[in-house]
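Reviewing the structure listed below.
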Amino acid sequence: MGVLHTPHGKVKTPGFVPVATRGALKGMSFEEGKELGADIFMINTFHFYCRREHETVARKGGLHNFLNIDTPLMTDSGGFQVFSLGAGWEQSTGKILKRKEKEESKEKKKRVKIGEDSVLFKSPFDGSKVEITPESSVKAQENLGADIIFAFDECTSPLASYEYQKKSLQKTHRWAERSLKAHTSEKQAMMGIVQGGRFEDLRKESAETIGKFPFFGFGVGGSFGDSYGDSKENMYSLLGLVVDTLPSEKPRHFLGIGEPEDIVESVKRGVDLFDCVLPTRFARHGTVLTREGRLNIKSSRYKDDDRFLEKGCGCKTCVNYKRSYLHHLAKRKEIYAVMLLMHHNLFYIFRLMEDLREKIEKGEL
Ligand SMILES: [Zn+2]
């Protein structure tokens, strides 16, 4: 187990970072998040950037003042959201392929223009023209004032070709240099991002190049999968390679990963931090993380199930609420259902992180 020291306090590692996209967790207060075990929260720069709200936040003295919290915070650079808006949307895919998307994807009109200097796109919020450069991403992140920030990168699609990935990677490296140059705040630590898609030599090249830059730590971004099925195995082996190539004394953050089994496999390979919307998104869809796998509380099989949510879980939801009642709330789309399920899902993830830290302490991992 390790500890990251930030101007706003300590972060235990390996640790999970809940995502508060627009400055709020969906269905939970920061206080509750902290009680459950969160040491640090992630805020998405992109959502503040598109409406220039980072300037408003700067006038309010930064995120800590604006949100009135003294917890460590991190912001991402916007690269991932640009991918979601562009290639991710065109090819109907996410970071990890979940089905045979290659065949299913249809050509769509390009919504994002990725150049050497910047990315250009129409804001998904109000249709206005938005440009992000490494410099403007860093400036926005300095305005937001989180403790840990990220260099601007191009997050590529899992379907991108070797040639595209190679070119993109070199651009991401140039953008990393530009991000470092633009970074002036001494109170903020910056992480560089390793890309390279599913290709071993590109991942190694990226880890070697980014690893030599004077970043505080490193994010592992982008997609790893090639086709359905081998996606995760490939991800674990490439992740191992990346972690082994990066300087061992610096922290490593796996961006956008939150499946319990992925967390365990990544911690075994030396990852320190994870951020993901998964516990929240699952809660909104009625999906509950349990030690025996997932269950969906909306399924009709829980209509007359009067057992408490997960046996042996000590969280507020599991101690007080029966499956039949939670099923009813979730089916009727009550806000309270999301709150109760999110409480359990985050409790589950933080218990997992604590177990992992304990196992590391005891030398059992
Ligand atoms: Zn529970």
Legend entry - the chain: mean projected area of Cα convex hull, nm²: 18.1 nm²
Legend entry - Listed pairs 129/187; 268/298; 34/232; 12/250; 10/359; 166/212 exceeding 22 Å between Cα atoms: 129/187; 268/298; 34/232
Inset, instruction - Calculate, in nm to one decimal, what residue 34 and residue 291 gain on full extension: separation in residues at 0.36 nm each, minus their alpha carbon distance. - result: 90.3 nm
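With a sphere of radius 15 Å drawn around the Cβ of residue 133, what net charge do the other residues whose Cβ falls strictly inside it have (Lys, Arg +1; Asp, Glu -1)? Let's see the in-between values first.
Values: positive: 52, 113, 129, 139, 171, 174, 178, 181; negative: 116, 117, 131, 135, 142, 153, 154, 177.
In short, 0.
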Inset, instruction - With a cut-off of at most 15 other beta carbons within 10 Å, and DSSP calling the residue loop, which trypsin sites (Lys or Arg not before Pro) in the range 1-40 qualify? Please list them. - result: 22
Legend entry - Long-range tail of P(r) for the range 1-60 (Cα pairs > 13 Å, %): 67 percent
Inset, instruction - Could you work out the mean projected area of the convex hull around the alpha carbons of the range 217-296, in square nanometres to one decimal? - result: 5.8 nm²
Inset, instruction - Take the alpha carbon atoms of the range 294-308, find their center, do the same for the range 122-150, and report the distance between the two centers in whole angstrom. - result: 42 Å
Inset, instruction - Assuming a ≥ b ≥ c are the square roots of the Cα gyration tensor eigenvalues, decide whether the range 107-264 counts as rounded (a/c under 1.5), prolate (otherwise, with a/b larger than b/c) or oblate. - result: oblate
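If I take R0 = 30 Å and measure r between the Cβ atoms of residue 299 and residue 261 in this structure, what FRET efficiency does the formula 1/(1 + (r/R0)^6) give, to the nearest 0.05? Walk me through the numbers before you get to the answer.
Details: r = 22 Å, r/R0 = 0.72.
Approximately 0.85, to the nearest 0.05.
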Inset, instruction - Please build a GNM for the chain, connecting alpha carbons under 10 Å apart, and tell me which residue among 37, 293, 79 fluctuates the most. - result: 293
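Computed from the coordinates by the stated procedures, all read-outs in this text should not be read as laboratory data. Everything quoted here is computed from the prediction, not taken from an experiment. Every residue, glycine among them, receives a Cβ derived from its backbone with ideal geometry; neighbour counts consider all protein chains shown.
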